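These notes concern the structure reproduced below.
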Amino acid sequence: MKMLFIIQGEGRGHLTQALSLRQKLADEGHQVVGVLVGKSPARRIPDFFMEKINAPVYSFESPNFLPTAKNKQVNLLKSIGYNVLRLHKYTASIHYINRMIKDTGADVVINFYELLTGLTYLFCRPKAMMVCIAHQYLFLHPDFSFPKLNAVSLSLLKFFTRVTAIGATKKLALSFRKMREVPADKMVVVPPLLRKEIINKTPRKGSYLHGYLLNSGFGEEVKEWHTAHPEVPMHFFWDKRGTKETTKIDDTLSFHQLNDIRFVKYMANAKAYATTAGFESVCEAMYLDKPVLMVPTHIEQACNAYDASLSGAGTVAEHFDLDALLHLSETHQPNPVFRHWVQQADWLILREFREDLLMEEMPSSVWHRLSMHWVYRVTKTFSI
């Protein structure tokens with residue numbers, strides 16, 4: 001079948017998931033006819049993704065969170081105002097997505113949690129069937145455990161997640177562990193989408209700390225801790241504009257631009273890993289037996305971090321408390337069940353893309369595809 005990827009391009013998680021899924025689909029004879037990446041003007045698509053995806057890549061403007069002045073946590077009010085003022089841009093993006101679905105002749109649209117894809121299916125009614133895949137769809141699972149957060153914020157998060165999946169034939173919820181399917185919500189729980197470069201890597205415990213900073217403002221916290229502990233070697237990755245491939249602070253601290261080969265190399269040989277709690281890199285660290293310090297920057301990452309901690313990934317903190325990470329590196333026990341779960345990913349995920357099964361699950365009418373019991377679902381989502 002002809003597949004069109006549409007990816008929410010904030011951070012690196014959905015991008016690396018797309019790389020992994022493309023590998024698997026190509027091995028089965030499917031063709032990825034194009035890749036659309038939704039992003040803000042402030043973000044850029046990493047070079048490693050452009051080099052590895054082996055399909056035409058196009059970008060469009062999409063809603064996103066804005067960081068605070070110090071480029072750390074999300075500024076919610078500022079983000080809402082910014083996105084409201086750019087609604088005309090997003091309307092144009094919806095029309096662009098619809099046109100690309102038609103022009104590429106895609107049989108299946110694979111949506112990596114991009115909001116505007118769901119809105120495209122709501123307003124433009126593309127004929128191609130859509131499969132949604134992301135960890136965030138697990139937030140809709142009746143057995144998912146949430147951290148103690150604001151109930152209204154959690155309801156809005158679930159509502160946002162449902163909007164991304166309007167018109168979907170099925171939702172593939174990536175999970176740290178096995179959970180039951182939810183046929184009534186067309187949800188199938190599957191293992192994480194890790195790339196072959198991770199699966200084939202042999203880890204060893206090195207002497208340095210490894211990390212990824214979604215927002216480069218956290219670099220100041222890392223530098224501050226480094227000043228007090230100059231003897232601890234550290235390699236952190238970021239996507240800060242205007243910096244070199246490697247910014248060497250001194251002999252024991254370096255910041256690197258995102259590069260998949262280098263990132264995996266440093267991950268495999270690190271003592272421990274610190275991150276802003278994106279699902280994908282936490283899974284990579286767990287598979288390579290690295291303890292993880294997770295510092296969420298918004299509610300979605302807070303849910304990721306809490307879920308990961310339940311599977312033994314590591315610890316959650318409000319800032320880059322690298323003292324806690326060093327202590328964790330001495331006591332952490334790897335999770336062999338997680339590795340076994342990940343190793344089942346190929347057949348568990350690829351079976352969901354069998355053409356005969358997809359056609360059986362395709363809604364029988366346009367009205368059915370668009371309605372999807374939305375009155376009931378919205379009511380359920382906001383019943384706090």
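State which stretch of the chain is the longest one without any exposed GluC sites (Glu not before Pro), exposure meaning a DSSP loop state and at most 12 other Cβ atoms within 10 Å.
On the way: sites that count: Glu28, Glu231, Glu245, Glu318.
Between the exposed loop sites, the longest stretch runs 29-230.
Looking at the stretch 142-171, which trypsin sites (Lys or Arg not before Pro) are in a loop (DSSP not H, G, I, E or B) and have at most 14 other Cβ atoms within 10 Å?
Values: sites: Lys148, Lys158, Arg162, Lys170, Lys171; in loops: Lys148.
Hits after loop and neighbour filter: Lys148.
Any idea of the accessible area per residue across the chain, 1.4 Å probe, to the nearest Å²?
Working: 16450 Å² over 384 residues.
The answer is 43 Å² per residue.
Could you sort out which of Lys102/Lys265; Lys196/Lys223; Lys158/Lys244; Lys89/Lys158; Lys24/Lys271 sit more than 28 Å apart by Cα distance in this structure?
Details: Lys102/Lys265 40 Å; Lys196/Lys223 33 Å; Lys158/Lys244 39 Å; Lys89/Lys158 24 Å; Lys24/Lys271 30 Å.
The pairs that break the limit, which is 28 Å between Cα atoms, are Lys102/Lys265; Lys196/Lys223; Lys158/Lys244; Lys24/Lys271.
Report the charge-dipole magnitude of the stretch 77-165 in Debye, nearest 20, computed about the Cα centre from +1 at each Lys and Arg Cβ and -1 at each Asp and Glu Cβ. Kindly include the intermediate steps, with their values, before the conclusion.
On the way: 10 positive and 4 negative charges, 63 e Å.
Dipole about the Cα centre, nearest 20: 300 debye.
Using alpha carbons only, how many degrees (0 to 90, rounded to 10) separate the axis of helix 87-104 from the longest principal axis of the chain?
So the inclination is approximately 70 degrees.
Using the scaling law 2.2 N^0.38 Å as the reference, what is the normalised Cα Rg of the stretch 155-307? Please report the intermediate quantities before stating the final value.
On the way: Rg = 17.6 Å, N = 153, 2.2 N^0.38 = 14.9 Å.
After normalising by residue count via 2.2 N^0.38 Å, the value is 1.18.
With 20 Å bins from zero, work out the P(r) of the chain over every alpha carbon pair and list the percent per bin.
Going from the shortest bin to the longest, the percentages are 29, 60, 11, 0.
Starting from the Kirkwood radius over alpha-carbon pairs of the stretch 90-138, derive D by Stokes-Einstein at 20 °C in a medium of 1.002 mPa s and give it in µm² s⁻¹. It would help to have the intermediate numbers written out before the result.
On the way: Rh = 11.0 Å.
Answer from the Stokes-Einstein relation: 194 µm²/s.
Ignoring any ligand, DNA or RNA, what whole percent of the accessible area of the stretch 109-166 comes from carbon and sulfur when the probe is 1.4 angstrom? Provide the component values of the computation, followed by the final result.
On the way: 1170 of 1940 Å².
After summing per-atom areas, the C and S share lands at 60 percent.
To the nearest Å, what is the center-to-center distance of the stretch 6-28 and the stretch 293-317, using C-alpha atoms only?
With the stretch 6-28 and the stretch 293-317 each reduced to a Cα centre, they are spaced 22 Å.
Tell me the Kirkwood hydrodynamic radius of the stretch 231-281 in angstroms, computed as one over the mean inverse distance between distinct C-alpha pairs. All intermediate terms of the calculation are to be shown ahead of the outcome.
Values: mean 1/r = 0.0847 Å⁻¹.
Kirkwood hydrodynamic radius for the stretch 231-281: 11.8 Å.
Give the average over all directions of the projected area of the C-alpha convex hull of the stretch 273-330, one decimal, in nm². All intermediate terms of the calculation are to be shown ahead of the outcome.
Working: hull surface 13.2 nm².
For the stretch 273-330, averaging the hull's shadow over all directions gives 3.3 nm².
What distance in nm lies between label points placed 7 Å from Cα along the C-beta direction at Ala26 and Lys196?
Each label point is offset 7 Å from its Cα along the Cβ direction, giving 0.8 nm.
In degrees from 0 to 90, rounded to the nearest 10, what is the angle of the helix 322-331 Cα long axis to the longest principal axis of the chain?
Here the helix axis deviates by roughly 90 degrees.
Using a 1.4 angstrom probe on heavy atoms only, work out the carbon and sulfur share of the accessible area of the stretch 245-304 in %.
Numbers: 700 of 1490 Å².
Of all accessible area on the stretch 245-304, carbon and sulfur atoms account for 47 percent.
Note the angle between two axes, namely the Cα long axis of helix 13-27 and the longest principal axis of the Cα atoms of the chain, as a number of degrees from 0 to 90, rounded to the nearest 10.
Roughly 60 degrees between the two axes.
The values are calculated or read from the model by the stated rules, or taken from the named source; none is laboratory data. Since the model is a prediction, treat every value here as computed from it, not as a measurement. In this analysis, Cβ positions are derived from the backbone assuming ideal geometry, glycine residues included, and neighbour counts consider all displayed protein chains. These accessible areas exclude ligands, DNA and RNA; they are computed on the full protein's heavy atoms, side chains included. Shrake-Rupley method; radii C 1.70, N 1.55, O 1.52, S 1.80 Å.
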